[in-house]
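The values are calculated or read from the model by the stated rules, or taken from the named source; none is laboratory data. Since the model is a prediction, treat every value here as computed from it, not as a measurement. So basically every Cβ, Gly included, is an ideal-geometry build from the backbone, and we count neighbours across all protein chains shown.
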Amino acid sequence: MNSKNFFETWKSFVRKEIINFSFWQKVAFINLCCERVLPNYLFYAKAQKFGNPEFLRILLNKSWFCLEKKSIPFSEEVYKCLKKLETSHIVPDSSESMFANWAQDSIISVYDLLRYYQNKEDDLIIKISLVSIETVLKYIYEKFGYIDDFHPDYEEILLSYEIMENEISKQKDYLNTISNIKILNEFQVKALRKNFVQEDSNIGLK
């Protein structure tokens, strides 16, 4: 399985898993995926004194609050936040390009989370899931070297890295746990955060 087949297979898997999810179950999965990459932005923003390190954290906390209360944010509020995120694009220099790329993935994920509140497209869920995986892939390339996209054993090689195996496992665990929650009430939402949200990111930054 080459890289294209690997990612197409993953997209099909996620689409199948969420097909019977409610809107709020989908938001829960998105939030958890965003939590996996958020610390990468916090790390970069604080280290480089870039922007407001807490801005994405505040937005994601608002999404968790909306999920707890089953309250969709006002479209005007979402629009303003999207516009602000559009000006947060990171242009890395050569000395810190990978840290900047990982941070940019965090911005993309939260941006698409807000877009999901607007248009409720499942493609955005899949994109956010993939962004988290691609962040790990960039980390592997940076630390261990490039993997040939057309290698017939691409998937086997990729999953031989514990950090990628863990990323895939975590996302599957999210989907399985959420699918088994019959009533996603405030208590269940808080339990999801307690059980799954970690201080460090999917590549170990915090």
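Of all the residues that make up segment 56-74, how many are in contact (Cβ under 8 Å) with a residue 24 or more places away in the chain, more than 16 Å from the chain's Cα centre (by Cα) and assigned to a helix (DSSP H, G or I)?
Residues of segment 56-74 in contact (Cβ under 8 Å) with a residue 24 or more places away in the chain: 56, 59-60, 63-64, 66-70, 72-73.
Those left that are additionally more than 16 Å from the chain's Cα centre (by Cα): 66-70, 72-73.
Now drop any that are not assigned to a helix (DSSP H, G or I), which leaves 66-69.
Counting residues in segment 56-74 that are in contact (Cβ under 8 Å) with a residue 24 or more places away in the chain, more than 16 Å from the chain's Cα centre (by Cα) and assigned to a helix (DSSP H, G or I) gives 4.
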(Q) When the residues of segment 167-206 are narrowed to those that are hydrophobic (A, V, I, L, M, F, W, C), within 24 Å of S71 (Cβ to Cβ) and in a loop (DSSP other than H, G, I, E, B), which ends up modelled with the lowest pLDDT? (A) I183
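With the structure loaded, tell me whether I108 is over 21 Å from L205 (Cβ atoms) and in contact with a helix residue (DSSP H, G or I) (Cβ under 9 Å, 6 or more places away or on another chain) or whether it fails that test. Step through it out loud before you land on a result.
Details: over 21 Å from L205 (Cβ atoms): no; in contact with a helix residue (DSSP H, G or I) (Cβ under 9 Å, 6 or more places away or on another chain): yes.
Against the criterion (over 21 Å from L205 (Cβ atoms) and in contact with a helix residue (DSSP H, G or I) (Cβ under 9 Å, 6 or more places away or on another chain)), I108 does not qualify.
Residues to consider are E121, E77; find the one that is more than 30 Å from M1 (Cα to Cα), surrounded by fewer than 18 Cβ atoms within 10 Å (Cβ to Cβ) and either free of Cβ contacts under 8 Å to residues at least 40 places away in the same chain or in contact with a strand residue (DSSP E or B) (Cβ under 8 Å, 6 or more places away or on another chain) (or both). Quick ask: steps written out before the conclusion?
Numbers: E121 fails: more than 30 Å from M1 (Cα to Cα).
Checking each option against the conditions leaves just E77.
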Q. Is segment 16-27 home to any residue that is at pLDDT below 95, part of a helix (DSSP H, G or I) and among the polar types (S, T, N, Q)?
A. no
Q: Quick one: S97 ticks every box in (1) more than 18 Å from L59 (Cβ to Cβ); (2) of a type in the set (S, T, Y); (3) modelled with pLDDT of 90 or more except a single one, so which number is it?
A: (3)
Q.
Give all pairs with beta carbons closer than 7 Å in which a residue from segment 187-206 that is surrounded by fewer than 16 Cβ atoms within 10 Å (Cβ to Cβ) meets a residue that is of a type in the set (F, W, Y) and at pLDDT below 95; count only pairs at least 6 apart in sequence or on separate chains.
A. K206/F43
